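Chemist: Here it is, the structure in full.
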Amino acid sequence: MDANVFQPTPIEVPTLAEISDLYRAAVGAGDDHMRNAAEEAVRRLAAAEAAAAEAATLVGFIRSTGR
Amino acid sequence: MAGGLDAACNESSFVGREVFGAEATDRVRTFHSALLPATLRNAFRTDFYQQLWHGIDLDGIEPDQLHVLPVVGKSAIRAAGDAARIRNGLICDEVFTSGTTGTPLVTVRGNREQAYIREFFTTLIDKDPPSRWRRGLQIRNPYHGHQVAIPAPVHFHSIGIYDAGSFAHGRAVLASRHLDAGVDEVCSLLIGLERCLRAFTADTAEHVPHGIDGHLDAVVSFSQYLTKRWRERMELVWRAPVIDRYSLAELFGGASSCLACGWWHADPFLIPEVVGARSGGQLREGVGILVLTALYPFQEAQPMVRYDSRDLVEVTHSRSCRPGEIAFKPLGRSRYGVPDPESDDWLLAPAVALEAVDELEDIARTPRFLDAAQVSDHYRIGHPRYRVTTAISEGRSVISFHVQARRRLRGAARRAFADNVGYRIVAAAPNLASALDSGVAGLRVVVDDHVNGDLLAHSE
């Protein structure tokens with residue numbers, strides 16, 4: 001590596017197609033991991049009890065901290 | 001939230017359970033290995049990195065060998081100015097950090113890297129074209145100067161914190177069906193800065209106390225540490241899980257909290273490391289400082305290699321749903337925490353202090369969006385006013401927790417408020433409790449009439 005040469009031109013990297021393939025592999029594109037996780041989280045959320053009571057608590061909190 | 005998301009996502013249920021797979025972890029490493037040599041070559045074009053890395057053989061450095069290079073701090077990047085940039089032949093935009101640690105750092109993004117980012121994401125969309133685009137609602141970000149646009153198959157409705165009536169319009173958008181060619185009829189995403197989402201959530205809780213009956217799959221919060229309690233509130237009001245996004249304005253890429261395991265996984269565009277605050281050594285488990293390397297060609301004009309984020313995180317390589325891969329949980333700006341003077345441990349993490357006092361009714365708060373007409377109460381969404389200072393005296397950490405009350409307290413009421421704050425902090429920080437018990441630390445809570453509060457942004 002020549003430390004004395006300033007190079008305004010792009011540095012060589014794998015092609016965009018190669019990088020995008022590597023990226024898709026890295027994030028597991030096409031698998032359902034995150035989609036399944038999101039759906040499961042929504043199900044858990046929907047099953048949470050006492051939502052109405054909690055919402056009332058929230059309103060209480062907001063009013064109690066209000067100016 | 002009884003039986004809610006946090007309880008169901010506790011990390012112990014994921015210990016040893018490989019959801020993502022070791023093969024995928026290897027693929028992340030492959031992505032990093034493919035781009036790291038060019039990343040180092042690009043940085044080495046600057047005088048700054050040439051001097052910093054003088055005498056170091058850069059050839060063949062692998063992602064897990066980055067520790068041979070020194071960590072770079074914000075002050076050094078700031079002092080270097082254009083000596084740490086590659087601007088020759090490029091058109092550059094300025095990106096500002098938020099200044100939670102002092103004077104904002106101004107970084108640059110070149111036109112070439114931004115064009116590459118656009119082309120890259122367009123290629124991804126073309127490879128997996130969705131049958132229909134998603135529909136989302138975003139609260140526009142008024143901070144950070146220039147923002148890099150990333151193509152995504154999402155049609156966003158935009159509202160603004162300063163646009164009067166836009167909260168009501170946003171709720172109507174979420175509740176309605178829409179007709180746009182090739183776009184889902186209903187909104188499935190809500191995205192905004194933590195502080196904007198707090199305001200929108202509080203307003204919605206008042207107008208729709210039992211929560212929105214919409215179609216959201218996820219709420220995405222970013223820019224600021226999101227407390228557990230506010231996360232629960234958002235999930236109750238929006239009836240959707242919250243994904244917390246960690247990112248830094250000066251770096252391309254970030255990390256997202258995982259709905260499967262609760263840990264944050266970094267985007268492949270970044271190589272994350274966590275180092276001990278005292279030792280500087282890499283940590284695989286424990287609490288330390290997050291160090292990040294932004295990969296070329298996604299970041300070119302302002303190279304950042306082993307950049308000290310100054311953010312404290314808990315790190316793991318074994319407890320997330322991706323065993324073997326680094327995952328972390330943001331714990332706030334390290335300068336607002338209290339390190340153990342004898343080890344890499346922390347007596348008090350900034351996020352622990354915030355979580356301990358944020359729900360106190362009597363604590364004073366810094367107002368937010370004072371000139372935004374649709375924000376009905378600027379204080380209830382504000383940051384609590386407290387400041388942590390530490391002095392070392394005869395090898396003992398003397399921690400002063402300065403806190404401001406919402407109204408002027410006197411006598412017994414003032415003492416009771418201070419006691420309550422102290423109790424909550426000690427109860428939430430086991431390391432601090434042990435240090436107090438053993439006499440190696442002291443804690444005093446001081447109720448002041450005015451405190452300039454610490455900011456807990458885990459990103460800038």
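Laboratory data are not the source of any read-out in this text; all were calculated from the coordinates shown. Everything numeric here is computed off the predicted structure, so don't read it as measured data. Cβ coordinates were reconstructed from backbone atoms using ideal geometry, including for glycine residues, and neighbour counts include every protein chain displayed.
Chemist: Return B:HIS450, B:HIS207 ranked ascending by Cβ neighbour count within 10 Å, so the fewest neighbours appear first.
Modeler: The most exposed by this proxy come first: B:HIS450, B:HIS207.
Chemist: While we're looking at this one, here's another question. If you scale each eigenvalue of the Cα gyration tensor by 5 and take the root, what three semi-axes come out for the stretch B:337-448, rounded to whole angstrom and sorted largest first?
Modeler: In descending order the semi-axes read 29, 16, 11 Å.
Chemist: Can you put B:VAL375, B:VAL71, B:VAL305 in order, fewest other beta carbons within 10 Å first?
Modeler: So the residues, fewest neighbours to most, are B:VAL71, B:VAL375, B:VAL305.
Chemist: What is the dipole size for chain B, taken about its Cα centre, with +1 at each Lys and Arg Cβ and -1 at each Asp and Glu Cβ, in debye to the nearest 20?
Modeler: It works out to roughly 1040 debye.
Chemist: If you put +1 on each Lys and Arg Cβ and -1 on each Asp and Glu Cβ, how big is the dipole of the stretch B:276-356 around its Cα centre, in Debye rounded to 20?
Modeler: Its charge dipole is roughly 160 debye.
Chemist: Quick one: if you stick a label point 7 Å off each Cα along the C-beta vector at B:ASP126 and B:LEU409, how many nm between them?
Modeler: Result for the modelled spin labels: 6.2 nm.
Chemist: Suppose each label sits 7 Å from its Cα in the direction of the beta carbon; what would the B:THR389-B:GLU359 distance come out to in nanometres?
Modeler: Computed distance between label sites B:THR389 and B:GLU359 equals 3.0 nm.
Chemist: Within 10 Å of each residue's Cβ, count the other Cβ atoms and sort B:ASP371, B:ASP267, B:ASP26 from fewest upward.
Modeler: B:ASP371, B:ASP26, B:ASP267
Chemist: Okay, moving on. Check every DSSP H run in chain B and write down those whose alpha carbon atoms cover 30 angstrom or more along the long axis and whose mean Kyte-Doolittle hydropathy is -0.5 or greater.
Modeler: Sorted by number, the helices that extend far enough and score high enough are B:22-43.
Chemist: If you don't mind, there's one more thing I want to ask. At 222 nm, what value in deg cm²/dmol follows for chain B if DSSP H runs of at least 4 each add -39500 (n - 2.57) and the sum is divided by all its residues, to the nearest 500?
Modeler: -8500 deg cm²/dmol
Chemist: If you don't mind, there's one more thing I want to ask. Give the lysines whose C-alpha is closer than 16 Å to that of B:LYS329, dropping any in the same chain fewer than 8 places away, or say none.
Modeler: B:LYS228
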